[in-house]
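Engineer: Submitted below is the structure of interest, expressed as structure tokens.
Rule-based calculations on the coordinates, nothing more; no lab input. Every value quoted in this text rests on a predicted model; they were computed, and no experiment measured them. Ideal geometry is used to build each Cβ from the backbone, glycine not excepted, and the neighbour counts take in all protein chains shown.
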Amino acid sequence: MIKNKQTKLERHYATLGMMLIAPTVLVFCAVIVYPLVSAIYLSLFDIYTPTLQGEWVGLDNYRELLGKGEFWASLRTNLIWTVGTLSLQILFGIGMALVLHQNIWFRSLARSLILFPYFISTVVAVLVWRWLFNDLYGILNHLMMAAGLIDMPVDYLGSMPNAMISVILVGAWKYFPFVVIAVLARLQTIPDSLYEAARIDGAGPVARFFDITLPQLRDVLVVIIMLRAIWDFKEFDLIFLLTGGGPVTSTQTLPLLVYKEAFSLNNMGMAAAYAVAMMAVMLVFMILYIRKTGEKDA
Amino acid sequence: MSNSGNGKFDVTRRGALKGLAASTVLATLPVRAWAQDVTLRWWSPQGSPDQVAAYKFQIEQFEAMHPGIKVVFETTSDEGYAPQLAAAFSSGEVPDVVTHLPSFAVASYYANGLVEPFDDVIEAIGADDYYAGANDVFKAADGKYIGTGIGNTAANMLWLRKDLMEAAGVDKAPETWDELRAACQAMQGGGVYGAPLPYGRNSMTSLIFIGVIHQAGGQVFTPDLEVDIDSDATRAALDFYASMRELCPPGATNYSWGESLTAFVSGASATGIYAGRVLANVNAQNPGIANSVTCVTYPRISTDVAPWTFNDFPSVFIPAQSKHKDAAKMFAAFLFNPEGYIKQLHAAPGHVLPVLKSISTNPMYLDNAIIKAYESEVDLMASAAAGGYNLGYESAAHKSNDKGGEVVGSGVIADLVQRVVLNGENADTVLGETSKTIEAIMKG
């Protein structure tokens, strides 16, 4: 006969366990579940932002959203921005990490300075870049005109595809240090013996990179790509301050669309619907991330 | 829909004295200690260092007169006030006094029950001291005033360089678009562009282009607030705007107020489009051209169409959720106390123009180097602004439009400009879509 009844001690441990886990559950509910449920709840209403008063519209916001060309155009722009800036971040990040992994004389200083773009406030960074891009006084146009490369200043932020390229480049500049730090940390743990063995086997620098370094970086790159993809996908301030989503809506990503609905049109319900749709797209990234990290654990 | 354009104010001696008396009464409002300490939060998007210094002076004077009341000034921005106020309103943690927001924003908030009626504050300031009709834009459908103007701004004046005009053989200030285009073509060259018109996806492009529609004899809404943007006048405005593109710097496709102002002040463009801040900035940053600068109302399609000046009617209002309404009203009225108010106006001379007759004629106000040096320009801006309009109040015949803020904020008019002028899309198609979008916004 199986004894189902818990002993007093077991019940006590169970209660203690629940008490210990309760703070975590409460914090999780407060910072994750509540905002999530609120966003979904708001998305079912037609709400005037300043008062948060409105009426129930059910799924109308979603029907309107899916029927709007602006949503799909912004999603497409969002993907172009994310893929573009993320690719450059990875490329620059790995390249710079490899340089900083070498025994160069200014290595310590360079490792500190490389973090500068990542730490600087986005507002300040954008102001600096807007001046660099300025058509009348920007150093980029000035140098290119002085070098005879162009006759007239280039319109970096007001025409396509320049605006998208500029935004992607500034994004890559701002966030590639994150990749540098993560990759550099991993590079320092790759055993030298692997490289020594490869050298003995006659492998050159390129072969060593592709056959040893890159496979060793694989795990960290998976994590970096997933995290940065999520962060870049929801990037708002950098794009908003650089182009405002223009020209027309050429650089208007979904976060900018959410902002426009919420604060320019005072339509918080529709903004919440856009935010929920964004979350659904990001969920794909999350599932990939969880699966990858799960595989690693296994 | 006309500007007097004569640059003169109809101020009688008696009127001026009444205004001064009202202001003096204000200054001597009963001083009483508050039982509990009260902290008033004052928000404004106008926060240049000189302006903040003037606000500090006003705050110190007010606090000295009212022990127990503390005033804290907090800066917001022209592009950022909407989300900040939305968060404040929805959380209930509102500022007690808000200044310098455009009148149509206040109308939108009042229509949703977020703004305290302002009639008693206007009475305390002295209703008779305002220029005739100065508060019409703030009159709600229920007959109450929702705020008042803290100043007037003629935001789309055409700024000119007399030296460049002379060198290019332009003998008079342009009055029509054809004359403006010809003048800009004549003055463009040698690193100087004709004009810094905004083509960016921002509120400046929307607000300036609304003016251009009116300068073509059109309107965005009928007086009954039916959407009327799809018109021949708008097509003419788009044609004009497109024709000016080659006379503007390449980066004008992303210009907003700051870039447009800098282009003229720095000498990179021969004409400018801005409010009176040009005067202070030219004198401080490029004094070499200071003697050559002048302004006129912005040209229109023909002289048969009256000038249309964009005045955002910078406001003062009190959020309905303020916990200290009485103190806030006292402070709002105190902002017009001559000494402090004049200091505030002098912080951006010619930019924010007085709304009170007694201030315009006050020797203390007139005793300012820039106002003296540019007397005719300041007078012209004052009269143009007094007869000015905005999307919340397109003409004296128009109903108050409490969706004006949303229409501007949506960017639909800037999009119209960008799609037709920059992308070369079909104007008929884009105008049809623009009308539908604005109609949807109006329906809420």
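Engineer: Over chain B, what is the percentage of antiparallel beta bridges among all DSSP beta bridges, to the nearest 5?
Structural biologist: DSSP beta bridges in chain B are roughly 60 percent antiparallel.
Engineer: Right, next: Relative to the first principal axis of the alpha-carbon coordinates of chain B, what is the inclination of helix B:325-334, with its axis defined by its Cα atoms, in degrees from 0 to 90 and to the nearest 10?
Structural biologist: Taking Cα atoms only, the helix is inclined about 60 degrees.
Engineer: Next up: When a/c reaches 1.5 or more, the comparison of a/b and b/c decides; with that in mind, is segment A:1-158 rounded, prolate or oblate per its Cα gyration tensor?
Structural biologist: oblate
Engineer: Sticking with this structure for a sec: What residues have an amide H closer than 5 Å to that of residue A:44, excluding those fewer than 5 places away on the same chain, when H is modeled at 1.01 Å from N in the peptide plane?
Structural biologist: Amide H neighbours of residue A:44: none.
Engineer: Under a GNM of chain B (C-alpha, springs under 10 Å), which listed residue has the highest mean-square fluctuation: B:157, B:364, B:244?
Structural biologist: B:364
Engineer: Compute the distance in nm between two label points, each set 7 Å from the Cα along the Cα-to-Cβ direction, one at residue B:375 and one at residue A:145.
Structural biologist: Between residue B:375 and residue A:145, the label points sit 4.0 nm apart.
Engineer: Next question, about the same structure. Using the Kirkwood radius over C-alpha pairs as Rh, can you work out the diffusion coefficient of the protein assembly as shown via Stokes-Einstein at 4 °C, viscosity 1.567 mPa s, in µm² per second?
Structural biologist: Stokes-Einstein gives a translational diffusion coefficient of 45 µm²/s.
Engineer: Which residue fluctuates most in the GNM of chain B (Cα springs below 10 Å): B:423, B:135, B:362?
Structural biologist: Among B:423, B:135, B:362, the largest GNM mean-square fluctuation belongs to B:423.
Engineer: Follow-up. What is the helix-to-structure angle for B:427-443, meaning the angle in degrees between its Cα long axis and the longest Cα principal axis of chain B, kept from 0 to 90 and rounded to the nearest 10?
Structural biologist: 20 degrees
Engineer: Determine the sum of side-chain charges near residue B:225: Lys and Arg each +1, Asp and Glu each -1, restricted to other residues whose C-beta is under 10 angstrom from that of residue B:225.
Structural biologist: Counting the neighbours of residue B:225, the net charge comes to -3.
Engineer: While we're here: Suppose each label sits 7 Å from its Cα in the direction of the beta carbon; what would the residue A:284-residue A:206 distance come out to in nanometres?
Structural biologist: 3.5 nm
Engineer: Sticking with this one: How far is helix B:375-386 tilted, in degrees, relative to the longest principal axis of the Cα atoms in chain B, given as a value from 0 to 90 rounded to the nearest 10?
Structural biologist: With both axes taken from Cα atoms, the answer is about 80 degrees.
Engineer: If you restrict to DSSP beta bridges whose two residues both lie in the protein assembly as shown, what percentage is antiparallel, to the nearest 5?
Structural biologist: In the protein assembly as shown, DSSP labels about 65 percent of beta bridges as antiparallel.
Engineer: Where Lys and Arg each count +1 and Asp and Glu each count -1, what net charge lies around residue A:171 among other residues with Cβ under 13 Å from its Cβ?
Structural biologist: Local net charge: 0.
Engineer: According to the square roots a ≥ b ≥ c of the eigenvalues of the Cα gyration tensor, what is the shape class of segment A:69-297, taking rounded for a/c under 1.5, prolate for a/b larger than b/c otherwise, and oblate for the remainder?
Structural biologist: The shape class here is oblate.
Engineer: Mean Kyte-Doolittle of at least -0.5 and a Cα length of 20 Å or more along the axis: which whole DSSP H helices of chain A meet both?
Structural biologist: A:8-28, A:69-101, A:162-187, A:214-233, A:268-297
Engineer: At R0 = 30 Å, how high is the FRET efficiency between residue A:16 and residue A:189 if r is their beta carbon distance? Nearest 0.05 is fine.
Structural biologist: After rounding, the FRET efficiency stands at 0.20.
Engineer: Given a Förster radius of 25 Å and the C-beta distance between residue B:185 and residue B:433 as r, what FRET efficiency does 1/(1 + (r/R0)^6) yield to the nearest 0.05?
Structural biologist: 0.15
Engineer: Run the helix sum for chain A: -39,500 (n - 2.57) per DSSP H stretch of 4+ residues, divided by residue count, reported at 222 nm to the nearest 500 deg cm²/dmol.
Structural biologist: -22000 deg cm²/dmol
Engineer: Determine the distance separating the Cα centre of segment B:359-390 from the Cα centre of segment B:186-241; give it in Å without decimals.
Structural biologist: When both Cα centres are located, 26 Å separates them.
Engineer: Give the shape of segment B:81-213 as rounded, prolate or oblate, defined through the alpha-carbon gyration tensor: a ≥ b ≥ c are the square roots of its eigenvalues, a/c under 1.5 means rounded, and otherwise the shape is prolate if a/b is larger than b/c and oblate if not.
Structural biologist: prolate
Engineer: Mind giving me the FRET efficiency for residue B:128 and residue B:366? R0 is 22 Å, r the Cβ-Cβ distance, nearest 0.05 is fine.
Structural biologist: In this case the efficiency is close to 0.55.
Engineer: Suppose only helical runs count, i.e. DSSP H with n ≥ 4. What mean residue ellipticity at 222 nm does that imply for chain B under -39500 (n - 2.57) per run, divided by all residues and rounded to the nearest 500 deg cm²/dmol?
Structural biologist: -13000 deg cm²/dmol
Engineer: Taking the dipole about the Cα centre of the protein assembly as shown, with the C-beta of Lys and Arg at +1 and of Asp and Glu at -1, give me whichever of A:216, A:266, A:97 is farthest to the positive side.
Structural biologist: A:216
Engineer: Using label points projected 7 Å from each Cα along Cα→Cβ, tell me how many nm separate residue A:103 and residue B:423, to one decimal.
Structural biologist: 5.8 nm
Engineer: Just to compare against my own numbers: the Cα pair-distance distribution for segment A:8-56, 10 Å bins, whole % per bin, please.
Structural biologist: 23, 27, 21, 15, 10, 3
Engineer: Place +1 on the Cβ of every Lys and Arg and -1 on the Cβ of every Asp and Glu in chain B, take the dipole about the Cα centre, and give the residue among B:373, B:279, B:338 whose Cα lies farthest towards its positive end.
Structural biologist: After comparing all options, I get B:338.
Engineer: Taking chain A as a Gaussian network, where each spring joins two C-alpha atoms under 10 Å apart, which residue of A:260, A:234, A:68 fluctuates the most?
Structural biologist: Answer for the Gaussian network model of chain A: A:68.
Engineer: Something else about it: Using the structure shown, list the pairs from B:144/B:323; B:172/B:343; B:343/B:372; B:162/B:343; B:325/B:399; B:139/B:403 with a Cα-Cα distance above 26 Å, or answer none.
Structural biologist: Beyond 26 Å: B:172/B:343; B:162/B:343; B:325/B:399.
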